[in-house]
């Protein structure tokens, strides 16, 4: 038996493939609305390669094994009426790779904007077999496909290209999108690389890396995994290019209490009021699970989180069709992007998406969007600050300042510098005293696996009934609140706030039913408590400009 056959046996142990689109860990929230499209996201139990060396033939065989699973899901999604299907980051290559072992997986993907590119019917793409196969799957089943690949771009180190690596090629973590007839619609090279990716890939950059395409049911933009925690490319796509749907391939490791996959995905969709199609790897041993379909401020339509099952899961649901968002032409992002387009050479102009090219025409025709400044100073009526002594404990690798909830009903506050969190709450009489809860605040630079500035308030269930466990990861709660109201004050006016409420076993509390929030999302409240036992209620703030 060859080493490739042995490797396939190793990676197949304990991993199964889902044939359907319902299963354990899937939660559906009812939505109303007549103008919708059907979308699918697949949470993939990826086949990985665990041996230190791999040939191109072995890499291709492994990738085709994963695409074999994709083919089944594409056929199922298409038969159920889906117009688009999204697959996760590293779903084809696997992710147990290194600077050297990634090389056999790399394929060339051309710029899709210069000329029409259809790898299924153009013979020159036979040397990019995975690209060719994905294109043909889209064409055969008449469905838009978005998948993630490892790609390369040849280069020559010169005065014109001083950043070209010594190996003579750029290497990227790339999302590719194909139309229902197999045309390559867009490609996006991940901008914000995470951890060991910095050793394997170069970050995507430039106007030609903004991936956006238009369909009959909306304008779509692409971004990947760690990108979700940063300003770009999302702000350029949403504020300047009229994107109404964001596609999000990810290999997200859940990190409670504040950054579990479905928790932050929903919070992100709510904050930007955009449809989000999120596909994650399903590999609980690596803490990877959690994806879904989210309809902006309406929250999750359908999502999946299951840390016990190694099967893939296909989610199919309906999302609302939104007309193109009006660009925020008075925003700094729009002005910067417009100037960049104006400064392109004629040759460079042809390498960017046609939607970006239209910015110059649009900026001359559209009137500026006038936004009334938001008054951040009048949103919270002062309450008597708790006299309880605060304490410090780590949460999501940051030192939060906490105060405990020690009474059945109370108003209390906790501050970190100018940033303050204010909580009004009432425990259920049958729950009070059984478990420990704390209110925490953090206002500072997060430095673990990347660097980004956070301004956050969170009501969390402590793992144990000791203060030092507050902020530690825990998934179980047996406590109900009759009501709660959490407000953040003193945050910078440029901070983006992401609201979320999570209940026991990582279930999303239903917005507009269990809890409420409104722009600018500095206040979340529940008048009658959540149906599930409360785990976390948080307002996660990102001050992008201070990174």
*asked:* Can you compute the equivalent ellipsoid semi-axes for region 170-262, i.e. the square root of 5 times each eigenvalue of the Cα gyration tensor, sorted largest first and rounded to whole Å?
replied: 22, 17, 13
_Modelled FRET efficiency - R0 41 Å, residue 330 with residue 424, Cβ distances, 0.05 increments_ = 0.65
_Cut-off 20 Å, label 7 Å out along Cα→Cβ of residue 167, residues of region 213-257 by amide N_ = none
*Which angle between 0 and 90 degrees, to the nearest 10, do you get for helix 261-272 versus the longest principal axis of the chain when only C-alpha atoms count?*
90
*asked:* Below 8 Å between Cα atoms, with a sequence gap of 6+, how large is the relative contact order for the chain in percent?
replied: 13
_Inter-centroid distance (Cα atoms) of region 330-353 relative to region 473-547, Å_ = 38
_Whole percent per 10 Å bin, from 0 to the bin with the longest distance: what is P(r) over all C-alpha pairs of region 106-262?_
10, 37, 36, 15, 2
*Just round it to a whole percent: the fraction of Cα-Cα distances in region 249-361 exceeding 17 Å.*
64
*region 40-93 - Debye-derived log10 I(q)/I(0), Cα point model, q = 0.23, 0.25 Å⁻¹*: -0.85, -0.95
*For region 395-547, what is the relative contact order in percent, using Cα pairs closer than 8 Å and at least 6 residues apart in sequence?*
25
*asked:* How much of the DSSP bridge set in region 201-286 is antiparallel, in percent, rounded to the nearest 5?
replied: 35
*Quick one: if the Förster radius is 22 Å, what FRET efficiency do residue 411 and residue 434 give, using the C-beta to C-beta distance and rounding to 0.05?*
0.50
*Would you mind computing the Rg to Rh ratio of region 152-203 from its alpha-carbon coordinates, Kirkwood style for Rh?*
1.08
_Nearest 10 degrees, 0 to 90: helix 3-12 Cα axis against the chain principal axis_ = 30
*Answer rounded, prolate or oblate for region 432-495, using the Cα gyration tensor with square roots of eigenvalues a ≥ b ≥ c: rounded when a/c is under 1.5, else prolate when a/b is larger than b/c, else oblate.*
oblate
*Full extension from residue 114 to residue 198: what is 0.36 nm times the residue separation minus their Cα-Cα distance, to one decimal in nm?*
27.3 nm
_Contact order normalised by residue count of region 476-547, Cα under 8 Å, 6+ apart, percent_ = 46
*Roughly how large, in nm² to one decimal, is the mean projection of the convex hull of the alpha-carbon atoms in region 452-547?*
6.5
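Once the piece of chain linking residue 72 and residue 468 is laid out straight, how much longer is it, given 0.36 nm per residue of separation minus the C-alpha distance between them?
Numbers: separation 396, 0.36 × 396 = 142.56 nm, distance 4.78 nm.
Additional length available on full extension: 137.8 nm.
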*Which shape class, rounded, prolate or oblate, goes with region 92-141 when its Cα gyration tensor gives a ≥ b ≥ c as root eigenvalues, a/c under 1.5 marks rounded, and past that a/b bigger than b/c marks prolate?*
prolate
*Could you tell me what fraction of 2.2 N^0.38 Å the Cα radius of gyration of region 399-521 comes to, as a two-decimal ratio?*
1.06
_Value at 222 nm in deg cm²/dmol, rounded to 500, when DSSP H runs of n ≥ 4 in the chain each add -39,500 (n - 2.57)_ = -5000 deg cm²/dmol
_Return the equivalent ellipsoid semi-axes of the chain as a descending list in whole Å, where each equals the square root of 5 times an eigenvalue of the C-alpha gyration tensor._
39, 28, 22
_Give me the Å³ per residue figure for the convex hull around the C-alpha atoms of region 55-181._
110
*Which angle from 0 to 90°, rounded to the nearest 10, does the C-alpha axis of helix 129-141 make with the longest principal axis of the chain?*
80
*What is the calculated FRET efficiency for residue 546 to residue 350, with r their C-beta to C-beta distance and R₀ = 35 Å, to the nearest 0.05?*
0.45
*With a ≥ b ≥ c the root eigenvalues of the C-alpha gyration tensor of region 193-237, is it rounded (a/c under 1.5), prolate (a/b larger than b/c) or oblate?*
prolate
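Throughout, read-outs are computed from the coordinates displayed, never taken from laboratory work. Only a predicted model underlies this, so the values are computations on that prediction, with no experimental measurement involved. Backbone-built Cβ (ideal geometry, glycine too); neighbour counts: all protein chains shown.
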